[in-house]
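Read the figures in this text as sums done on the coordinates, not as results from a lab. Here the structure is a predicted model, which is why all the values come from computation and not from measurement. Every residue, glycine among them, receives a Cβ derived from its backbone with ideal geometry; neighbour counts consider all protein chains shown.
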Amino acid sequence: MKNSDDDSRRLVRIERATGIDRKELRIYLEKMEANELIESLDSGKKGRGGHPIICWNITESGRMWRSDLGRFIQLGQRLEFYPESFFYLPSDGF
């Protein structure tokens, strides 16, 4: 039960952070997988409604893109395009 709660919290956190609901998020995850930025792993378990529970892992090329995006965001913060708190959720308590 604890693991299920953690997974639900993670999905809600992703939705809050991106402003994307789960149905849209799946479309984006599939597109990123098609471009080899992430890979899907079927857990073999079924969720609500009988849907398979899929885990997503970032690939090496995805890590490079993530790193590049992170540096671009940091540059935007240094140039004062974004306040430092812009990319954090209230629950992060930075």
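Couplings 3J(HN,Hα) of region 58-63, computed from phi: 7, 8, 4, 5, x, 5 Hz, in residue order, whole Hz [Karplus 6.51 cos²θ - 1.76 cosθ + 1.60, θ = phi - 60°; x for Gly and Pro]. Coupling constants for region 37-48 follow from the phi torsions by the Karplus curve (6.51 cos²θ - 1.76 cosθ + 1.60, θ = phi - 60°), and in residue order they are 8, 9, 10, 9, 10, 6, 6, x, 9, 10, x, 4 Hz; glycine and proline get x. Taking amide H atoms as placed 1.01 Å from N in the peptide plane, the amide H of residue 59 lies under 5 Å from those of 38, 39, each 5 or more residues away in sequence or on another chain. The ranking of 46, 23 by Cβ neighbour count inside 10 Å, starting from the fewest, reads 23, 46.
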